[in-house]
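Step one of this worksheet: look at the structure below.
Read the figures in this text as sums done on the coordinates, not as results from a lab. Note that the coordinates shown come from a computational prediction; the quantities given were computed from them, not determined experimentally. Every residue, glycine as well, gets a Cβ built from its backbone with ideal geometry; the counts of neighbours run over all protein chains shown.
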Amino acid sequence: MKKLLTFISTIILGLTITSCSNGSKQTIVFGTMAQPGEPLIEYIKDDFEAKGYTLKIETFSEFSMGNPGLVNGSYDATLFQHKPYLDTYNNDTNNNLLSATTVYTCTYGGYSYKINNVEELKTVYESSGINPRVTIANDSSNGLRCLNILKSEGLIDFDEAVYVANPSEPNSSLTNNPYNLNIEAISASLITSSLDDSDCYLGIVNATYAIAAGLSEDNLICQESEETNITNANILAIRENDKDEQWVKDLIECITSDKAATFINETFKGVVKPYFDGINDLE
């Protein structure tokens, strides 16, 4: 009888281990921004943990914190950036973080508390002699998106190579500035607050910060094209040595599910849209 009980216990233990074993890592630490990443990861958390994991979600307030945290092991996966931002980071730091999948698009838009349309911006200097201050992101990949929005509105033209070589001084790259804009590169997290400054007439804001700041369509006067938006879809990023781990496959399944897509659409009302079809580094 004792041998029989031991045998049964062994079988039960083996089944338990098998049912809970999804690879060597069982606790996954996920780093993301408060908006829009955290609500989505909280939403898919139960589905992911049902596969046998524990998911810990940690938020950070600056884009610049995400990749170093992934490299040093503070996070196992992140969701906050697009592929060009990741590629720039890898190139600048000699790392090889990977995009596991695209997740959603975040629209970059121009917001203002002082003007209602781009045409008004064009007349500020003529009527007041003020060089309208425009704030953009101070990293080259996101700053380039900001400058291209201004270019598409006919407000500037610029030399991309000159800008990428010195993203902290965007005015030096301008080849045409008919409305005397004073373009200032600042931390992306500070652009929304800059809109309160007396000389700031326009801020080009990522949806991440626009949502967090409560900006509405009433303040939106221009935005990037759908094609550009897709090119810059936000990605699930991981370390290279984790690319074949089962937890990565399971996380991708949860974060790109039909349920996740419905949640994104219903929660963010078109400012953030699901986009699961982009090229990733695992293929």
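With r as the distance between the Cβ atoms of SER128 and ASP159 and R0 = 35 Å, compute the FRET efficiency 1/(1 + (r/R0)^6) and round to 0.05.
According to the calculation, E is roughly 0.75.
How big is the Rg/Rh ratio for the chain, C-alpha atoms only, Rh by Kirkwood, two decimals?
That ratio equals 1.10.
What are the ³J(HN,Hα) values, in whole Hz, obtained from phi via the Karplus relation 6.51 cos²θ - 1.76 cosθ + 1.60 with θ = phi - 60°, for each residue of the range 113-119 in sequence order, with x given for Gly and Pro?
With coefficients 6.51, -1.76 and 1.60, one gets 9, 10, 10, 9, 7, 5, 4 Hz.
For the residue pair THR59 and GLU253, what label-to-label distance in nm results when each label sits 7 Å from Cα along the Cα-to-beta-carbon direction?
Spacing of the two 7 Å Cα→Cβ label points: 2.9 nm.
What does the net charge come to around TYR89 if you take all other residues with beta carbon closer than 14 Å to its beta carbon, with K and R at +1 and D and E at -1?
-4
By how many nm would the segment from ILE279 to LYS243 grow when fully extended, if each residue of separation counts as 0.36 nm and the alpha-carbon distance is taken off?
Computed gain between ILE279 and LYS243 is 11.5 nm.
Sorted from largest to smallest, which semi-axis lengths in Å does the alpha carbon gyration tensor of the range 109-223 give for its equivalent ellipsoid, taking the root of 5 times each eigenvalue?
The equivalent ellipsoid of the range 109-223 has semi-axes of 19, 18, 12 Å.
How much length is gained on full extension from ILE230 to GLU42, taking 0.36 nm per residue of separation minus their Cα-Cα distance?
Net length gain for the segment: 65.3 nm.
When Lys and Arg each count +1 and Asp and Glu each count -1, what net charge do the other residues less than 12 Å away from GLU266, Cβ to Cβ, add up to?
It works out to a net charge of +3.
Relative to the compact-globule scaling 2.2 N^0.38 Å, provide the ratio for the alpha-carbon radius of gyration of the range 184-260.
So the range 184-260 has a normalised radius of gyration of 1.52.
Out of all DSSP beta bridges in the chain, what portion is antiparallel? Express it as a percent rounded to 5.
Of the beta bridges lying entirely in the chain, close to 55 percent run antiparallel.
Express in nm, to one decimal, how much length is gained between VAL71 and ALA50 on full extension, taking 0.36 nm for each residue of separation and deducting their alpha carbon distance.
4.8 nm
In a shell of Cβ-Cβ distance under 12 Å around ASP47, excluding ASP47 itself, what net charge do Lys and Arg (+1) and Asp and Glu (-1) give?
After counting each charged neighbour, the total is -3.
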